[in-house]
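The structure appears right after this line, and notes come after that.
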Amino acid sequence: MLLKATDNRSSFPAMDETDPEYWPTQLREIFAAIGAAMVDTRLTPDTLKSVRLPNDEFTICHVSAEKAGWKRGHYRISMAGGQWTFRPGILEKLSREAVKRYSTPRRPPDSDTTMPRK
């Protein structure tokens, strides 16, 4: 009896670069930190000033279109594992999705559910 080789790759879902799961864990943490810094606003170069992680072994910078010679500016994330460049819309989408998936929800300080309010 001969066995025929089959290609099982079609049974795996295609990876999407706009899905945070596509990227390494360290980048997902950075995406979530950017998303938390954006809150309900759009991503701007000023947003990067408030991005904080316990392990600050990375840099995020905005590269203007004029400096890069591109039509639009972009964001560059650099760390020991490499360097990645993102268009603003893609980084914003990744960051919003990552903060939903990977950040723990925070309860407002006055929302103690153990004591009834008067």
#### Entry: Lone unmet requirement of (1) surrounded by 10 or more Cβ atoms within 10 Å (Cβ to Cβ); (2) modelled with pLDDT of 90 or more for Thr59
(2)
### Task
Considering every residue within the range 69-82, establish whether at least one is open to solvent by less than 90 Å² (accessible area, probe 1.4 Å), modelled with pLDDT of 90 or more, of a type in the set (S, T, N, Q) and within 15 Å of the chain's Cα centre (by Cα).
yes
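The values are calculated or read from the model by the stated rules, or taken from the named source; none is laboratory data. The structure presented is a predicted model; accordingly, all values stated were derived computationally and were not measured. Please note: Cβ atoms are built from the backbone with ideal geometry, for glycine as well, and neighbour counts cover all protein chains shown. With ligands, DNA and RNA removed, areas are computed over all heavy atoms of the protein, side chains included. Shrake-Rupley method; radii C 1.70, N 1.55, O 1.52, S 1.80 Å.
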